[in-house]
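This report refers to the structure that appears directly beneath it.
The values are calculated or read from the model by the stated rules, or taken from the named source; none is laboratory data. Here the structure is a predicted model, which is why all the values come from computation and not from measurement. So basically every Cβ, Gly included, is an ideal-geometry build from the backbone, and we count neighbours across all protein chains shown.
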Amino acid sequence: MSAVPNQAGSWSTLETPLSEPIMETLGLLGFDAMTPVQAGAIPLFMKNKDVVVEAVTGSGKTLAFVIPIIEKLTRREDPLKKHEIGALIITPTRELAQQIHSVFSTFIDDHPKKDQLTLGLFIGGTTTLAQDITTFNQSCPRILIGTPGRLEELLTRSQKIVNTKELEVLVMDEADRLLDMGFSQQLSRIIAQLPKQRRTGLFSATMTDAISELVRAGLRNPVRIVVKVEDLTSKGSVQRTPASLDINYIVCDPEQKLIQLVRLLQAELNDMEGARKFIVYFATCACVDYFYKLLKQIGDLKPFSLHSLHGQMDTKRRTATYTNFTQLPPAVPAVLLCTDVASRGLDIPDVDYVIQIDPPQDPKAFTHRCGRAARAGRKGKATVFLIRGREETYIEFLKLRKIPLERGYYRLEDGSVCDNVLKNDDAEDEKITTSEVEDASVAPFIATLRAIVKKDRDMHDRGMKAFVSWARAYSKHEASFIFRLKDVDLGRVATGYGLLKVQKCPN
């Protein structure tokens, strides 16, 4: 295991100096110093070592492979020939591939040797394999970036037009998610097409047994780099979220979640130094669709630019949403409603606050969601809503996984807050540590939601679909000893959705 400095130095301290064009671009971007990931990985890549990097989200992993790839290809004695490629970057999602492509472009567009650094983005969805083959033939890219399915097709079903014999670097980004999403066979077939004399970088936020198998299959004596975050409040312990990120939880009843969301957004907007860019996570695609349409009609949220993003959207809509949200000026208050499609890898700039309406099915996703804020050392905040009762044990569950949370307060209509912790031990269930808040403004708020749903049959149908999809997702929660559908008052959940009746739910 390689020791990585806690305080990463300036780029000029690297043992192998970076080229002038790279240094100029870093200066223009304002990157004066390396992050620990970059300080650990770049020298090893430059010395022709394989690397396995485990680091918290938002730690600067992309530049840790973008810079060495550019340096290696521009320092080749023999330039690559027509169909030869020098680097291959595999990512789990199209959005992440597009993002990596844009980072490369930033360094390559004005590079004096950019003819040796042509890029190819191959992600499927909007193009056929035949179209991508034509594009490859015409542009002759040296650096391929893409998703496993399309890259595998390009390497195995295109009459071998892609020549991999001179490949210098293979990068698998978000490797744990590549495996979680079932791409192990495609990865194996891609690796089989590549020369053994190459450098491989495997980047991941978490290490699993499946990744260990992949390391054994695809890397040669790799150096493992682990970048951990010290918990400043208890020296010596380690946490899995950035130190610049404040995470809290708010406990309430199911029908109070949405009004708490609205009040939290309002409170930040009214604070001169409050958050302006928010990501709000829901359990399912149907929930995102429904609440996006519902919240757009809530008067208190008119100052916010609302956007929605999930995996069932077609590629063009997803790309348009991502572009629109990321290109908004930092001062414009905006909310992106999404599922876990945006919990990993996507570098959405200027995100100040992450709110989780529904805790994720996979506990590992909790860290990745929160990590959309506080990227690259920026300050950030995150809040998760928990239903009063058994869900409260989720806090201890997360603490055991090195994720520290503070308790947040229930927000009242007048802008004040209420500490709803039980003041004594009278609770019938020892899991319940929170008293019910008698909030008189919840009923009128629900009435407003119901009025919106009543006047539009499509909204009614979307609401029903969202509620059933939520219940189905809840019943399949990986932390099923905490999240048990039988412990939830489904009537109150349905009320929180603005529904008039409870749909029959799965067992």
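The table for this structure:
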| quantity | calculated |
| --- | --- |
| Flag if THR127 is hydroxyl-bearing (Ser, Thr, Tyr), buried (at least 18 other Cβ atoms within 10 Å of the Cβ) and within 17 Å of THR93 (Cα to Cα) | no |
| Neighbours by Cβ (under 6 Å, 6+ apart or cross-chain): first from the stretch 390-418, more than 26 Å from HIS477 (Cα to Cα); second surrounded by fewer than 18 Cβ atoms within 10 Å (Cβ to Cβ) and at pLDDT below 85 | none |
| Members of the stretch 13-31 found to be part of a helix (DSSP H, G or I), more than 28 Å from the chain's Cα centre (by Cα) and hydrophobic (A, V, I, L, M, F, W, C), listed by number | MET23 |
| Some residue of the stretch 136-150 being surrounded by fewer than 21 Cβ atoms within 10 Å (Cβ to Cβ), out of contact with any strand residue (DSSP E or B) (no Cβ under 6 Å at 6 or more places or on another chain) and under 29 Å from ARG224 (Cβ atoms) | yes |
| Qualifying residues in the stretch 472-492 (those that are assigned to a helix (DSSP H, G or I) and under 27 Å from the mean Cα position of the chain (by Cα)) - the one surrounded by the most Cβ atoms within 10 Å (Cβ to Cβ) | TYR474 |
| Complete set of residues in the stretch 185-198 that are in contact (Cβ under 8 Å) with a residue 24 or more places away in the chain and either part of a loop (DSSP other than H, G, I, E, B) or not small (Gly, Ala, Ser) (or both) | GLN186, LEU187, ARG189, ILE190, ILE191, GLN193, LEU194, PRO195, LYS196, ARG198 |
| Top-ranked residue in the stretch 171-184 [being in a helix (DSSP H, G or I) and surrounded by fewer than 22 Cβ atoms within 10 Å (Cβ to Cβ); ranked as nearest to the chain's Cα centre (by Cα)] | ASP180 |
| Those residues of the stretch 38-76 which are aliphatic (A, V, I, L, M), in contact (Cβ under 8 Å) with a residue 60 or more places away in the chain and over 16 Å from THR200 (Cα atoms), in sequence order | ALA55, VAL56 |
| Residues that are in contact (Cβ under 8 Å) with a residue 60 or more places away in the chain, assigned to a loop (DSSP other than H, G, I, E, B) and touching a Ser or Thr at 6+ places or on another chain (Cβ under 6 Å), drawn from the stretch 136-170 | ARG142 |
| Residue in the stretch 270-315 that is nearest to GLN327 (Cα to Cα), counting only those that are in contact with a Lys or Arg (Cβ under 9 Å, 6 or more places away or on another chain), surrounded by fewer than 23 Cβ atoms within 10 Å (Cβ to Cβ) and among the small types (Gly, Ala, Ser) | ALA275 |
| Residue check, THR16 touching a helix residue (DSSP H, G or I) at 6+ places or on another chain (Cβ under 6 Å) and within 30 Å of CYS140 (Cβ to Cβ) | yes |
| Residue match in the stretch 78-98 (condition: in a helix (DSSP H, G or I), in contact (Cβ under 8 Å) with a residue 12 or more places away in the chain, closer than 21 Å to PHE45 by Cβ and not hydrophobic (A, V, I, L, M, F, W, C)) | no |
| Residue list for the stretch 185-203, restricted to those being closer than 14 Å to ARG216 by Cα and within 22 Å of the chain's Cα centre (by Cα) | LEU187, GLY201, LEU202 |
| Total residues in the stretch 119-135, condition under 23 Å from LEU73 (Cβ atoms) and either among the polar types (S, T, N, Q) or outside any loop (DSSP other than H, G, I, E, B) (or both) | 7 |
| Qualifying residues in the stretch 213-265 (those that are modelled with pLDDT of 75 or more and of a type in the set (S, T, N, Q)) - the one farthest from LYS402 (Cα to Cα) | GLN256 |
| The stretch 35-59, subset part of a loop (DSSP other than H, G, I, E, B) and touching a helix residue (DSSP H, G or I) at 6+ places or on another chain (Cβ under 6 Å), residue farthest from LYS114 (Cα to Cα) | THR57 |
| Conditions (1) at pLDDT below 90; (2) assigned to a helix (DSSP H, G or I): number failed by PHE107 | (1) |
| GLY463 being outside the structural domain of LEU295 (by TED's automatic domain parsing), touching a Lys or Arg at 6+ places or on another chain (Cβ under 7 Å) and buried (at least 19 other Cβ atoms within 10 Å of the Cβ) | no |
| Search result, residues across the stretch 32-66 that are charged (D, E, K, R) and either surrounded by 23 or more Cβ atoms within 10 Å (Cβ to Cβ) or more than 19 Å from the chain's Cα centre (by Cα) (or both) | ASP32, LYS47, LYS49, ASP50, LYS61 |
| Residue in the stretch 284-326 that is farthest from ALA373 (Cα to Cα), counting only those that are polar (S, T, N, Q) and assigned to a helix (DSSP H, G or I) | THR315 |
| Residue within the stretch 25-32 that is touching a residue at least 40 places away in the same chain (Cβ under 8 Å), over 13 Å from VAL169 (Cβ atoms) and in the same structural domain as LEU170 (by TED's automatic domain parsing) present | yes |
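For (1) acidic (Asp, Glu); (2) at positive phi; (3) not assigned by TED's automatic domain parsing to the domain that holds GLU54, each residue gets a yes or a no:
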residue	(1), (2), (3)
ARG94	no, no, no
ASP109	yes, no, no
LYS113	no, no, no
GLY124	no, yes, no
SER139	no, no, no
THR156	no, no, no
GLN159	no, yes, no
